[in-house]
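Please treat every number below as a calculation from the coordinates, not as lab data. Keep in mind that this is a model prediction, so the values were computed, not measured. Every residue, glycine among them, receives a Cβ derived from its backbone with ideal geometry; neighbour counts consider all protein chains shown.
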Amino acid sequence: MIILQLKLPKDFGKKGEVDHLIKFRLGQALDSLNQLIEEKHSSSFDFIFIDADKANYQNYYELCLELLNPNGIIIFDNVLWREL
């Protein structure tokens with residue numbers, strides 16, 4: 001899961017006792033995805049949700065395929081409608 005910019009309380013993961021599984025990243029999405037691949041996180045994500053600039057959806061898809069485990073799911077937001 002990639003979180004680039006999000007306003008959450010600092011104890012967000014502690015309530016569900018999953019704080020050791022959450023790592024926040026701040027930066028450009030393509031750079032962050034490439035960093036995850038360089039850090040050998042291939043096939044380690046079960047679920048990826050993408051809500052970003054539509055022009056790069058193909059790039060996000062290709063990079064996320066490398067990060068997604070074989071039984072994982074990728075969800076894209078707003079793929080059926082153009083922005084109004």
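What fraction, in whole percent, of alpha-carbon pairs in the stretch 27-76 exceed 18 Å separation? Here the tail beyond 18 Å accounts for 21 percent of pairs. Arranged by the count of other C-beta atoms within 10 angstrom, fewest first, what order do L65, L33, L80, L21 take? Fewest to most other Cβ atoms nearby, the residues stand as L80, L21, L65, L33. A simple rule links phi to the HN-Hα coupling: the Karplus curve 6.51 cos²θ - 1.76 cosθ + 1.60 with θ = phi - 60°, which for the stretch 60-66 gives 4, 4, 4, 5, 5, 4, 6 Hz, with x for Gly and Pro.
In this structure, the amide hydrogen of I50, modeled 1.01 Å from its nitrogen in the peptide plane, lies closer than 5 angstrom to those of I75, F76, D77, counting only residues at least 5 positions away or on a different chain. A simple spin-label model places the labels of E66 and K40 1.6 nm from each other, with each point 7 Å out along Cα-to-Cβ. Using a simple spin-label model with pseudo-atoms 7 Å out from Cα toward Cβ, D77 and N59 lie 1.9 nm apart.
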